Structures are given as structure tokens and as C-alpha cells.
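Undergrad: To start, I am sharing the structure in question, which I have written as C-alpha cells.
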Amino acid sequence: MNALPLSRLHSVLLKGEFAVTAECGPPRGANEEVVKQKAQLLKGYVDAVNVTDNQTAIVRMSSIAASALLLQIGLEPVMQMVVRDRNRIALQSDLLGAYALGMRNILCLSGDHQAFGSQPDALNVFDIDSTHLIHTVKTMRDEGKDMSGYALDKPPRMFIGAAANPFADPFEYRVVRLAKKIDAGVDFIQTQCIYNMDRFKKWIHLAREEGLTEKAYILGGITPLKSSGMARYMKNKVAGMDVPDEIIKRMDNVEKKKAADEGIKICLETIEELKEINGVSGIHIMAIEWEEKVPEIVKNAGLKN
């Protein structure tokens, strides 16, 4: 972990505060007001906002452009960058451009395969993988050189993040993958949505035993459930998601009109548990097209005034 703050999010984590990040999905069009409206809902309640990069392989406003809009409003973005759509030249070029525009956080990802998106015939790139991207960003930041060894006139001093999924199989490989990303240069990790707390605790325990929580900040993923149907869909249709049957039963056992309230309650209970786990430095709230609930969640969790 760097000794000097690279961003506001990094500063919060360095001080040992429990960090809160949220997510903003850019629109399927060029309407900047969509981004600004979402941003206003989050302002004052989070330390930084992830801006997704053509999530689910659907064409959207670019992450860099939407991140620039957040900066105009006074929110710190975590610019996501996927390797699916760019070769190494474009990745490095976009990174330099993003830094010049004021972005200080990056989340390095593989990206959802185009077969699952709206244009399945599109060609992917995957010139390098996400771990190689992490290493590239770190080299550009710390050594001031691009992948060819060319000296940069101004290194992009980025706070480097990546994703981790404690719930995918095989479980024993989860911490190995985490270690590889940390060795490549990751500063912080945001996890997949947590519903199976027992499995998450086993994962973070193994990470602690390997000393990984001392090398990178771990932010637990939170997604509030709107309905039992949403819970079932995530369990059965979303790869790498682990939604225990007891969570689905709990959502089933409330009136339909009260299901969203129960989902928020489960979310708050999860946050309370995460706050008590050694090695967890914050949460990442992924309120999918439900950004208006983020202030309620944050306030009721006692995380912001």
C-alpha cells in the first residue's frame, strides 16, 4: 500500500476510516443529465463512485466521459477499465488521458464476454488480461514507463483497484487469484455481492492468514434485493453469485409490497457484520438502477452523517 494518498478514497482508507463506494452505470446514449442525476443522489454519502465500462457488454457512454462528468459535480470517480475492448496501446493511451482529465482511481477488469451482450457478433480483444493491466498501471505509475519501456513525461499516479469473487468455484483458488492481483500491484479490492456471509468469512480468513489484507484494502460488495424474484434470478442466472436459500425464503415470507424493505434490512445486517470483520476496510454498494436508496442505506448503517 502506498504511504502517500493517491486519491480521496485512498486518503480515507489510509486514515483507517470505513470507506463507502457506490456505482454509477452510464446511460445507453449521450445524455449527460442521466449521469448528473445519479451523481446528485450519491453526493455527500460516498467516498467515491465506480463508473462502469460498457457493463454486460452493452454499448454505453464511455467510462472516461462519465467519470469526467462526475468530477464536474464534485464526486470522485473510480474509473473502470476492461481489457475486452482495447489492445495494450489503447489501454495505456486511455489511462494517460483519464489521468490528465483528473481521474485518480482505476478498477482493472476483464469485462463481461460480448456473447452475453446486445452485440454478440462483436470481436473481443483481450490482448492482455486484467492482472497484466494491473501490472501495467503500476509500472506506469511507479516507474514512469509504458509497456515498451518508454519514459513518460508525467506518470499517471493512479490508486489501483480490482475485483474479487469469494463465491466462484473452485473455492480454494479464490485466495490464490487474489494474491496474484495483489502481487501485480493492486491497492484495493471490491468483492462480488455478499449474501453468503459464512463463505465470505472463510475467504477473508484465508486472505488474512496469507497476509493479503495487510497488502490491499478489501471492500465488501453489497447489492440490496428488491424482490424474491431478483434473489432467484441472481442465484440461478448470474454466474459466480451465491444467494443462500434462506435469503430467498426470507424474501418470500414478506408481502410483495414490503419485499424491497426486507431487502434493505438484509443489506444493513450484512454491513453490520462486515464492519466487525478484521480485514474489511469498507463496502462497495451496487444498487443496480436503485441509486436513490444509497443515502438511506448509508445513513441507516451509521456510516455518514
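Undergrad: Can you tell me how many residues in region 277-287 are hydrophobic (A, V, I, L, M, F, W, C) and farther than 16 Å from Val46 by Cα?
TA: Of the residues in region 277-287, the ones hydrophobic (A, V, I, L, M, F, W, C) are 277, 280, 283, 285-287.
Applying the additional criterion that residues be farther than 16 Å from Val46 by Cα yields 277, 280.
The total comes to 2.
Undergrad: For region 198-231, what are the residues that are crowded, with 16+ Cβ neighbours inside 10 Å, in a helix (DSSP H, G or I) and at pLDDT below 95?
TA: Ser228, Met230, Ala231
Undergrad: From Arg84, Arg60, Arg28, which residue is of a type in the set (Lys, Arg) and within 30 Å of Tyr150 (Cβ to Cβ)?
TA: Selected residue: Arg84, the only one of Arg84, Arg60, Arg28 that is of a type in the set (Lys, Arg) and within 30 Å of Tyr150 (Cβ to Cβ).
Undergrad: Among the candidates Leu6, Leu96, single out the residue that is assigned to a loop (DSSP other than H, G, I, E, B) and surrounded by fewer than 22 Cβ atoms within 10 Å (Cβ to Cβ).
TA: Being assigned to a loop (DSSP other than H, G, I, E, B) and surrounded by fewer than 22 Cβ atoms within 10 Å (Cβ to Cβ) holds for just one of Leu6, Leu96, which is Leu6.
Undergrad: Still on this structure, I have one more. Among what's in region 10-45 and is among the aliphatic types (A, V, I, L, M) and within 13 Å of the chain's Cα centre (by Cα), pick the residue that is farthest from Gly282 (Cα to Cα).
TA: In this case the residue turns out to be Ala22.
Undergrad: Starting from residues that are over 21 Å from Gln190 (Cβ atoms), among the hydrophobic types (A, V, I, L, M, F, W, C) and in contact (Cβ under 8 Å) with a residue 12 or more places away in the chain, keep the ones in region 254-305 and report whichever is surrounded by the fewest Cβ atoms within 10 Å (Cβ to Cβ).
TA: Of everything passing the filter in region 254-305, Ala260 is surrounded by the fewest Cβ atoms within 10 Å (Cβ to Cβ).
Undergrad: Just the residues that are among the aromatic types (Phe, Trp, Tyr) and more than 19 Å from the chain's Cα centre (by Cα), please, taken from region 149-193.
TA: Tyr150, Phe171, Tyr173
Undergrad: In region 1-51, what residues are at pLDDT 95 or above and polar (S, T, N, Q)?
TA: Hits for region 1-51 are Ser7, Ser11, Thr21, Asn31, Asn50.
Undergrad: In region 13-33, what count of residues is obtained for those that are without any contact (Cβ under 8 Å) to a residue 60 or more places away in the chain and either in a helix (DSSP H, G or I) or touching a Leu at 6+ places or on another chain (Cβ under 6 Å) (or both)?
TA: Summing the residues that are without any contact (Cβ under 8 Å) to a residue 60 or more places away in the chain and either in a helix (DSSP H, G or I) or touching a Leu at 6+ places or on another chain (Cβ under 6 Å) (or both) in region 13-33 gives 3.
Undergrad: To continue, here is another question. Can you tell me which residue is farthest from Ala98 (Cα to Cα) among those in region 34-65 that are assigned to a helix (DSSP H, G or I) and in contact with an Asp or Glu (Cβ under 8 Å, 6 or more places away or on another chain)?
TA: This residue is Leu41.
Undergrad: When residues of region 232-269 are filtered for being part of a helix (DSSP H, G or I) and of a type outside the set (D, E, K, R), how many remain?
TA: Selection size over region 232-269: 13.
Undergrad: Something else about it: Of the residues Glu276, Glu255, which single one is closer than 22 Å to Leu13 by Cα and acidic (Asp, Glu)?
TA: Values: Glu255 fails: closer than 22 Å to Leu13 by Cα.
Unique residue meeting the criteria: Glu276.
The values are calculated or read from the model by the stated rules, or taken from the named source; none is laboratory data. A quick note: this is a predicted structure, and the numbers were derived from the prediction, not measured. Positions of Cβ are generated from backbone atoms using ideal geometry, with glycine treated the same way; all protein chains shown enter the neighbour counts.
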